[in-house]
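Have a look at the structure below, then the notes.
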């Protein structure tokens, strides 16, 4: 099981694929593969540069049919354990004030492969003002549970 | 494509919530409106310090001033938190859809073998 360092700002997504681990891993690391499934059907993903190594990055554009505007993205790899783990940083929604670190963990599950995605919202300097307190508003928390939590705190 | 909400609001809300004193203030306001001196009471802090925290919360839109009474009590406004929660839902949705496409792609690849 993956240890989550910052549960209050981590989004966890799990998925089991009916495919061997090597293939699932390759689908994320090989441009030939990734360009084919990364974007929505109507959008073409085109790799401009791919340096699959720690410190290297994947630069790509997403092109909408009939549109002159293209959306360019850069994912920077921060950790690679072949067959097991890939981590990178990216700007969610292309906004530079909103950096996230995405970590993928690949595990065998019989003939299938379990993929665990941890998406951590990187704390900016401002958010870091009180790291020990953590961010209350968690990525996994809904508004309702937040209000409930506040109500409980004030009741004590 | 996924539409994202203004990240300004998002960052501001996250930053405002990052401080324990400010969370305690919000917590206090869930049980109803309160004046600044009532809010300050449980804290061993000067009034200017409390006012500063209130200003951060007001600027993030998490706390509003009631206009009704003369002493202008502060009240909780949960709308920015709703925005965060919607943003997260969209972001999760975005990834779930991407994983759906990967799933289809892997199936297709293996059928061709």
Only listed residue being surrounded by 14 or more Cβ atoms within 10 Å (Cβ to Cβ), within 12 Å of chain A (Cβ to nearest Cβ) and closer than 30 Å to residue A:20 by Cα, chosen from B:28, B:98, B:22 | B:98
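Report, by residue number, each residue of segment A:6-23 that is part of a helix (DSSP H, G or I), modelled with pLDDT of 85 or more and buried (at least 19 other Cβ atoms within 10 Å of the Cβ).
Listed by number, the list holds a single entry, A:21.
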Given (1) more than 9 Å from chain A (Cβ to nearest Cβ); (2) under 30 Å from residue A:42 (Cα atoms); (3) free of Cβ contacts under 8 Å to residues at least 12 places away in the same chain, residue B:103 misses just (1)
Mind listing whichever residues of segment B:43-95 are at the interface with chain A (Cβ under 9 Å from one of its Cβ atoms) and in a loop (DSSP other than H, G, I, E, B)?
-> B:78
Pairs, first within 11 Å of another protein chain (Cβ to nearest Cβ) and in contact (Cβ under 8 Å) with a residue 60 or more places away in the chain in segment A:25-36, second in a helix (DSSP H, G or I) and surrounded by 16 or more Cβ atoms within 10 Å (Cβ to Cβ), C-beta under 9 Å, six or more apart | A:28/A:34; A:28/B:102
Going by the conditions given, is residue A:103 surrounded by 15 or more Cβ atoms within 10 Å (Cβ to Cβ), at pLDDT 85 or above, within 13 Å of chain B (Cβ to nearest Cβ) and within 15 Å of the chain's Cα centre (by Cα)?
-> yes
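The values are calculated or read from the model by the stated rules, or taken from the named source; none is laboratory data. The structure presented is a predicted model; accordingly, all values stated were derived computationally and were not measured. Reconstructed Cβ throughout: ideal geometry from the backbone, glycine too, with neighbour counts over all protein chains shown.
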